[in-house]
Every structure is written in structure tokens, then in C-alpha cells.
Amino acid sequence: MTDTPPAGFTSRAEGYALATTLLRSLLAAWRAAAVYAENNTAYRQRRDELTTALAKLFGACSSCTITYQSDYIFFNGERLNYDREFSFGRSLANQFRELGLGAIAIPDGVPNAELDKALFTLASADRKIENRYAALAETWGNLGIGGITIAAQSSEDPSAFVDPRKIDQNVDPNTLRRRRAQALFRRSETVVKEFWERVRDRNSFEGGAVQRVVHQIIDEVGNDEEILLEFTTLKDFDEYTYYHSVNVAIYSIALGMRLGMDRIRLAQLGFAALFHDIGKIKLPRDLITKPTNYDEDDWAQIRRHPALGALTLGSIRSIDPEVGTAIAGAFEHHLKMDLTGYPRLSRPRTLHLFSRIISVCDAYDAMTSGRVYQKEAISPDEAVRRLLYTGRQSYDPLILKAFVHVVGIFPVGTLAKLSDGCIALVVRNDSADLYSPEVIIIRDAAGKPTRVEKRLRRRKNDPEGDQVHIVEVLDASKADISLDEFLGAIDPIGEGEALPAEAET
């Protein structure tokens, strides 16, 4: 929220506290309605807490409008940051996003009966149909919920609670796709973090949000694989462990598609990939974030995380198929094909297909990140060469071959010198011709900054263009070039606002 107190509040702190308390109560009651019946004591308690929060709010101001716009939550027009007090805000935003819901306005003195109708309608709304908001609005009207009003995310009605800072409607389709993919990437990281913390603190499992994210990744990879692969190249994040898990899931799902898996298997694979490293929650945080190389004692601890991950997932009270396959992925992803990796085995075993997929994706992302096992990142093309050099001793050769077709000979994020003297960044690959990627030229032949998209051609006599090709791969870390500037670092609002995962506190 801004430094100026919202209308009706005596201070910014008062407004922020009342707003976050109300929204926390709303989310809790919404979730309770998805689990319990209307006459259940647990639901009634959450509903009553919401009623109390509304009464306190209306004691200080005259309106209550909650808006979802550009992956943010706004309260009475004031954007709330996803800070410590509003850390649950992303979960609330997910609820709005999944229903196509843009806003809810709650009046003063709304009766409990109407709150019940509204909460159970929201909780039971079908999230799988194409026009989710239209179905929600129809049910809303049929039940006669008149006091509490709702609006769609993309309403053409300018009075429908839409925040005045609108997204530029003239943005090109590629940028819009990147913004959508970026929002999914950030949301996936949040869901992974929340799941890890829930398992660590409560030893319980609630996989609905995770499954929705996995299916959204499947849809996004199916629609435009390269857009999401762009975000896997961005490594400048504080909580790399969670981003690494999302990266591995994206690579694994893309690889599973190349191997012909159906949607059920892809969903199980995506879940296993997201939580292959969950055993690290049992290790000291200082060890995971240690900036220097590991000594023998450090390695002894690190090598425990596959077994710890399998035990952690296995101890969850409600085991379902996703968790079952994730146990194998967590335990086996550092075992090599010849079983010389870790943990050490007492008898031979055949590695699960998911483990063999996750192993390749995990190794590639780790090498290109330089965060945990090796402290200095290597270029994407060098990572591919190392994977191929290791060969069948460490990785399944068929899976490795398919992975190369996913990331390319020159993977997204590769910085290269072209035959015409320009410097370019690879942004997209053609699986039919891995030597002819699409690039963004970021330095012309004279060394001047530019931004020109170009499809490279390696064939002589190519009628569709010139024969500019890659002649040398460069080390981005030594070239004084920020890849984030060119790959996916897009402001979703378009006005210089902070990204959702990095909102100011």
C-alpha cells in the first residue's frame, strides 16, 4: 500500500492491518467451504472470523472491494505487497486467477446466509471448464446473491472494479505470452515453497494447488515450450532451491512430451520433478546456501538428501499416486545408470523412468546455475557437452538424446558470436534443425547495443535468408551482459512496478 492512508483510515498501518486480517479470514473461510459442509463447526468458525473482520473493517471505512489484477491483489484500489504480513496473498491471487475472477465487493452488514452462499459458490466453482467466470456468474445470479457482487478479470465495463493502471492493450502477442509464462513460473515457485513448508512443519499433504500448477505447466509447455524454457535460464534468485525445482519440472515435462507420455503420466512426472529435492528441508539452510565449495563433511550431509526426501514423502499421511512416484524420483535422482551415484545401495535395482528423466534435467540445471554442487556456472552449450560426454555410464542414452532435442545444441540462454561479427542470445530452437536457432542480436558488428530478432541459417543456398551462423559461444559472465535484461525479465504491469515475487516490503 502507499504511504498515504486509504480513505477512512487514520493511518497506513491501521488500513494495512485491517485489510490483511480481512483477506486472511476470507481465504480461510473460502478454503473451509471447499472441505466442510455449511453446518460444520470448523466452517462456521472460519465464517464467523470473517464476519468479525468485516465488522472491524467497516468500523473504519465505508467500502470493501478486493480486486485481482496483473497477478496482484488490491484492496479498495490499494495494491498489497506480498510481504511477511501478506505472504498468503499469492494463494488468494491463485483463487481469483483460477476462476477468472477480477473483483469481489462486500457491503456493510452482509448477512451470514449470503456469505455462506457466496463462499460455497466460490469453493465449488468448476475450474476445468473454458469459461469459468461465466459459469460462476450464472450460478451467482441463480442463487440470488445480490449484495456481494463480482466482476470478471477482463470486463469491458470500466466501473467493474478494475484497477486504473491497465495493461497496455497494444503489447505484441509474444510479450503477452511471456508475461503469462512469467506469472506461471512465479506462481509455481510459491506453491513449491508453501508445499515444502507444510510438509516440514505439519508433515501433511494438500496437493490441490500443486496439481493445478503442474497441469498449467503441461498446458503452457504444450502451447509454447520455448517461452517457459526462457525462464529456466534466469538464475539470479535468492531462494534458488525452489526455482531449481520449477526448472527441473519444466524440463522434465517437456522431455516427457517428447517421449510420448499421456497427460496422467506427465502430471505424475511433473509432481515428482517439483519435489525431487524435498529432502533438503531436513538439512541446515546454511549448508544449502554455502557460497564456497563443499568439504568432505559437507558432501557427507548433502548425499543424505535423496534418502531424506524419500523418507519425508513416505511419511506423509495420505499417500496418493503422485506421492508414490515422487518417492522414487527423490531417492534415485542422484543414482547413475551404473548405480555408482548416491545413496549407496545394498542390492542392484532398475531405476524408475521418472528418476532417469529427472536426473538429466537436474544435472543440466545445476551445471548452468552454479549454486549448490559446483559454485561456478557453466554455459548451457557446455552443460550439454558434459552430459553427452558422461554418456551411458551416468544417464539413459535415449533420454539424453531426447533432452538434447528439447534444449538444443545451442540452448536458450546461450550467448554467441555470429559469423557477421554480431553478438546474439539464443531465444528459441527448432527441433528439426538444432543448428539454426532464433536469436536476439544484442550487439552489432561494431559493438553497439541493439535488439534485433533473427533466425539463423546454417545451410548454403538457403532461399529463406542469409547464411549467418554461430561461430563461437561466449561466456556471458565475462561479457558484461545481463541475460535477465533480454530473457523474460518483463514487468507484468508495464509501469516499472516490481514483479510479484519481488514486491517491495
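Each reported figure results from applying straightforward, stated rules to the coordinates on display, with no laboratory input. These numbers were taken from a predicted model, which means no experiment stands behind them. Cβ placement follows ideal geometry from the backbone for every residue including glycine, while neighbour counts extend to all protein chains displayed.
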- [ ] Name the residues whose placed amide hydrogens come within less than 5 Å of the amide hydrogen of residue 441, ignoring near sequence neighbours (fewer than 5 apart) on the same chain.
- [x] 425, 452, 453, 454
TODO: Subtract the Cα-Cα distance of residue 303 and residue 14 from 0.36 nm times their separation in residues, and report this length gain in nm to one decimal.
DONE: 99.2 nm
- [ ] Pull out the extension gain between residue 474 and residue 390, defined as 0.36 nm times the separation in residues minus the alpha carbon to alpha carbon distance; nm, one decimal.
- [x] 28.0 nm
Task: Relative contact order (%) - criterion: Cα under 8 Å, at least six apart; region: the range 12-165 - done: 24 percent
Open item on the list: Please state the shape class of the range 79-128: rounded when a/c is under 1.5, otherwise prolate if a/b exceeds b/c and oblate if not, all from the C-alpha gyration tensor.
Closed with: oblate
Open item on the list: Greater than 21 Å separation of Cα atoms is the criterion. Which listed pairs, 336/401; 193/280; 417/448, meet it?
Closed with: none
Open item on the list: Using a 10 Å cut-off around each Cβ, can you sort 394, 124 from fewest to most neighbouring Cβ atoms?
Closed with: 124, 394
TODO: Would you mind estimating how fast the range 173-407 diffuses translationally, via Stokes-Einstein at 37 °C and 0.692 mPa s with the Kirkwood radius over Cα pairs, in µm²/s?
DONE: 185 µm²/s
Task: Approximate spin-label separation residue 83-residue 143, in nm, with each point projected 7 Å along Cα-to-Cβ - done: 3.5 nm
- [ ] Read phi for every residue in the range 404-410 and hand back ³J(HN,Hα) as whole Hz from Karplus 6.51 cos²θ - 1.76 cosθ + 1.60, θ = phi - 60°, with x for Gly and Pro.
- [x] 4, 6, 6, 8, x, 5, 10
